[in-house]
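*Asks:* Questions regarding the structure given below will be posed in turn.
The values are calculated or read from the model by the stated rules, or taken from the named source; none is laboratory data. The model shown is predicted, which means the values in this text are computed figures rather than measured ones. Here the Cβ is made from the backbone with ideal geometry for all residues, glycine too, and neighbour counts use every protein chain on show. To get the accessible areas, we keep the full protein, side chains included, count just its heavy atoms, and leave off ligands, DNA and RNA. Shrake-Rupley method; radii C 1.70, N 1.55, O 1.52, S 1.80 Å.
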Amino acid sequence: MNKKIISRITCILLSVCTFASCNYLDVVPVEQVTAGDTMKDRETALGFLYSCYRTVGTSCPFSYKATEASTDEYTQSLSWAEHGQTVSWNRLSAKNLGGHWKACYDFIGHCHLFLRELERTHPRGATEEDKTQWRAEVAFLKAYYHFRLLEQFGPIPVVNEYPSQNISASEMPGRSHYDYVVDYIVQSCDEAAQVLPAYYNNDEDWGRATSTLCKALKARTLVYAASDLWNGKFPYPNWENKNYETPGYGKELVSKTYNSKKWERALTACQEALTFATTDGQRKLMQTEDAMKLADRYGVPLAYVPGIDAGTPEGEAFLQKVLLMRYILQTYETDGNKEIIWGTFEADDNFQASLPSRIIKNVNTGDWKHGWAGMSPCLYSIEHFYTENGKLPEKDAEFANKSDWFKSAGVANRPEITRLNAQREPRFYAWMSFDGDDYSQLMVNGAPLRVNMRDKEVHGYNPEAYNRDWSTTGYLNKKFCQPNMRCNTSGSYNFTKYARPLFRLAELYLNQAECYAALGDVEGVLKSLNPVRTRAGVPALTETDVNSDMSLMDWARSERFVELWGEGHRYYDVRRWMIAPNQLKAGAREGLNALVRNPSFEVFNQRTVINQPFQWESRMYLLPIGTDELYSDPQLVQAPGY
């Protein structure tokens, strides 16, 4: 979301956002907000409108602290004990909550308050066209907040009007059937898309809802709804409302039978979203030429990659792809990146959480500039980025044998680099960092930072020096580090805040691929995946790649894992695909033997189960509702298992 919009949100929230109670139907009391304060003219009305966006950022799924961080992508130091770890340790309850129930319902109420005041008043200078667009923006936001609740809590109450302050307990809505909520979100997106512009051609309005975004949300919602968890395989088929009935569904909350038409409906929405985004929406996948213009502007050289000769045309092209993939999340639209459909400037703590320790010493104080090194990619991530041939390491006959993965690759002057970390695809080198890697080209006062994960005096395990900030797995994440990142001997650094994409064009291709895979359409899967693969410098798939080793759905899911790594999707993917019991079970998360002071090469490079109380139970498919909410609304039923 645009920083200018955020500043205006802050101002309006000071005057109108006074949510203090816990019930999800509670909204700002009438007497606390006056039309004169919020709707006296076009400027104040816009401020009120922008305040309706506030929870988009605060409920962002990117942060390493968030519920969505509890996946097999990365883990953190045991002593951090952040919320994502609490989730993955199965420690949530009706009193120890996760997710954004209160925040999203508060702002659904805030949206309704805006609509009510807009109808009651006539802001000076506002045209009927303005009002029509504002109503459509709020309709989208209500749909988005309902979607965020739906993906976290499953069937939820639909709140589509400003509730009476005198509503009785018997009149309060309970959970609606999952498919009913889906239809509400889809209808809201369709209606808003008819009004909203396809894109904004000015920086001032970047971050506001567009018709392109409406279609993207509709597509994602329908893909989720067609997935196993919500399409006939929900593990608690007898879970129902006790009193409340959804129109047309009765007390049932989740469909008990598979329906292939859900995939057909999702595919139609995905096709429409992708076509619209790449035409009317003027979205396009960021390409090498876009990245190289930025590299030239900021003086960023090509990165070091083991075994790649920058002096050859092939080597140069490979390294340019690495740089391109570094820029995907580290650029503005004004930089030429038209891939992001919608984003937020929240969750930049991931940057600090990812940086290695001891980057550069301050010449004046002797103190080190350092990161927290805590977003530690699991071995599952390392092993599921592709080889340079565009295949999974375990499936690539030309890649090192699995028994040799943790042996030295024999790289000149960098014997610490293992075979698992050599001959990999550009995204691996753009986003993963390992012992012997250059974390970033300009990081040390204009020079590369060479990673030494076995030396406790720099980047290795050193609890006395770093308290609790170290890599648990022996790997580091650099997806959130800008390519021109530079720390100086004075202790300063040139951190820039970039939008974190909540929706980007690559996801639209991947959503479409998943639909085609579910429907058995080989040609459709290939045409959807290959633009994403070739953009990343990975060989295009052919029909011969679809075989007993990798099915259509395997390829669709694998590509999604790599391309959207760390962007908040994996938490929901492993649940809706119902692979969480295997992926997130006790003992499944592994790293290297990194929690050893100054280990030898052989000691460090051992597959090691991460020593944290990870576990999986079926109740973890959904988040629990708070005790106070259940008490306030007798129509609500708790999620199964809580």
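*Asks:* Which members of the stretch 206-238 meet the condition of being under 17 Å from residue 576 (Cβ atoms) and among the charged types (D, E, K, R)?
*Replies:* Passing the criteria: 218, 220, 228, 233.
*Asks:* Can I ask one more? Identify the single condition in (1) aliphatic (A, V, I, L, M); (2) within 19 Å of residue 342 (Cα to Cα); (3) part of a helix (DSSP H, G or I) that residue 103 does not satisfy, given that it satisfies every other one.
*Replies:* Against the list (1) aliphatic (A, V, I, L, M); (2) within 19 Å of residue 342 (Cα to Cα); (3) part of a helix (DSSP H, G or I), residue 103 comes up short only on (2).
*Asks:* Pairs please, first residue from the stretch 536-554 and farther than 13 Å from residue 391 by Cα, second anywhere and small (Gly, Ala, Ser) and part of a loop (DSSP other than H, G, I, E, B), Cβ atoms under 9 Å, 6+ apart in sequence or on different chains.
*Replies:* 552/520
*Asks:* Quick one: count up the residues across the stretch 70-97 that are of a type in the set (Gly, Ala, Ser), open to solvent by 10 Å² or more (accessible area, probe 1.4 Å) and either touching a residue at least 60 places away in the same chain (Cβ under 8 Å) or in contact with a Cys (Cβ under 8 Å, 6 or more places away or on another chain) (or both).
*Replies:* 3
*Asks:* Name the residue that is nearest to residue 593 (Cα to Cα), counting only residues in the stretch 389-428 that are among the polar types (S, T, N, Q) and assigned to a loop (DSSP other than H, G, I, E, B).
*Replies:* Looking at the filtered set, the residue picked out is 401.
*Asks:* Taking the options 588, 594, 639, name whichever one is under 25 Å from the mean Cα position of the chain (by Cα) and surrounded by 20 or more Cβ atoms within 10 Å (Cβ to Cβ).
*Replies:* When all the criteria are applied, what remains is 639.
*Asks:* Among the candidates 417, 341, 382, which residue alone is modelled with pLDDT of 95 or more and out of contact with any helix residue (DSSP H, G or I) (no Cβ under 7 Å at 6 or more places or on another chain)?
*Replies:* 417
*Asks:* Would you call residue 120 basic (Lys, Arg), open to solvent by 10 Å² or more (accessible area, probe 1.4 Å), over 29 Å from residue 567 (Cα atoms) and touching a strand residue (DSSP E or B) at 6+ places or on another chain (Cβ under 9 Å)?
*Replies:* no
*Asks:* Do we find that residue 463 is at pLDDT 95 or above and either of a type outside the set (D, E, K, R) or open to solvent by 10 Å² or more (accessible area, probe 1.4 Å) (or both) in this structure?
*Replies:* When the stated conditions are applied, residue 463 does not pass them.
*Asks:* In the stretch 466-479, what count of residues is obtained for those that are surrounded by 24 or more Cβ atoms within 10 Å (Cβ to Cβ), in a loop (DSSP other than H, G, I, E, B) and not basic (Lys, Arg)?
*Replies:* Qualifying residue count, the stretch 466-479: 6.
*Asks:* Got at least one residue in the stretch 345-358 being in a helix (DSSP H, G or I), in contact with a Leu (Cβ under 7 Å, 6 or more places away or on another chain) and under 27 Å from residue 69 (Cβ atoms)?
*Replies:* yes
*Asks:* Filter the stretch 123-135 down to the residues that are surrounded by fewer than 21 Cβ atoms within 10 Å (Cβ to Cβ) and in contact (Cβ under 8 Å) with a residue 40 or more places away in the chain, then identify the one that is nearest to residue 180 (Cα to Cα).
*Replies:* Across the stretch 123-135, the extreme among qualifying residues is 135.
*Asks:* While we're on this one: Among the residues of the stretch 600-615, are any in contact with a helix residue (DSSP H, G or I) (Cβ under 7 Å, 6 or more places away or on another chain) and either of a type in the set (Lys, Arg) or closer than 27 Å to residue 57 by Cα (or both)?
*Replies:* There is at least one residue in the stretch 600-615 that is in contact with a helix residue (DSSP H, G or I) (Cβ under 7 Å, 6 or more places away or on another chain) and either of a type in the set (Lys, Arg) or closer than 27 Å to residue 57 by Cα (or both).
*Asks:* If only one of 525, 532, 538 is of a type in the set (Val, Ile, Thr) and farther than 25 Å from residue 479 by Cα, which one is it?
*Replies:* Answer to the selection: 525.
*Asks:* Let me spell it out: the conditions are (1) assigned to a helix (DSSP H, G or I); (2) surrounded by 24 or more Cβ atoms within 10 Å (Cβ to Cβ), and residue 155 meets all of them except one. Which number is the exception?
*Replies:* (1)
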